[in-house]
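The block underneath contains the structure these notes are about, expressed in structure tokens.
The values are calculated or read from the model by the stated rules, or taken from the named source; none is laboratory data. Only a predicted model underlies this, so the values are computations on that prediction, with no experimental measurement involved. Cβ placement follows ideal geometry from the backbone for every residue including glycine, while neighbour counts extend to all protein chains displayed. Note: accessible area is taken over every heavy atom of the protein model, side chains too, but ligands, DNA and RNA are not part of it. Shrake-Rupley method; radii C 1.70, N 1.55, O 1.52, S 1.80 Å.
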Amino acid sequence: MRKKTLALAPAVTAGIIALSAAAAQASTIVVYEGDHFSGHSITLSKCGMSNIPARYHGSYKWYATGQSARMYNQPNAEGVVHFVLRSDRNAEQATPFGWRSMFIEC
């Protein structure tokens, strides 16, 4: 009986590690200072709300890896949802955008 329990423990541990690794990688947006993906950039990928600093509204690239993001024209994900970046489709815009915050749904 003990051997079965001990043999099961590594399998359970491996499953937990695999699930944790999958959950840790949220979809990602890279926002740039300038248009056409120029200047400095920052990456936002945490689950939940993130404000987009005013300096980084020149262009963006969205890398979808399973989570969608609701985009807001107000800080702190307040007001109405202006746009949704899909969980299954990458997107980009080479010109300035007006979003001030986002909420990645994990």
Within the stretch 82-104, is there a residue that is within 16 Å of the chain's Cα centre (by Cα), of a type in the set (Ser, Thr, Tyr) and open to solvent by less than 30 Å² (accessible area, probe 1.4 Å)?
yes
Mind checking whether some residue in the stretch 55-72 is open to solvent by 30 Å² or more (accessible area, probe 1.4 Å) and of a type in the set (A, V, I, L, M, F, W, C)?
no
Name the strands (runs of 3 or more DSSP E) wholly within the stretch 53-95 that hold at least 2 residues that are in contact with a strand residue (DSSP E or B) (Cβ under 8 Å, 6 or more places away or on another chain) and aliphatic (A, V, I, L, M)?
68-72, 81-85
Find the residue count for the stretch 52-95, including only residues that are touching a helix residue (DSSP H, G or I) at 6+ places or on another chain (Cβ under 6 Å) and of a type outside the set (Ser, Thr, Tyr).
2
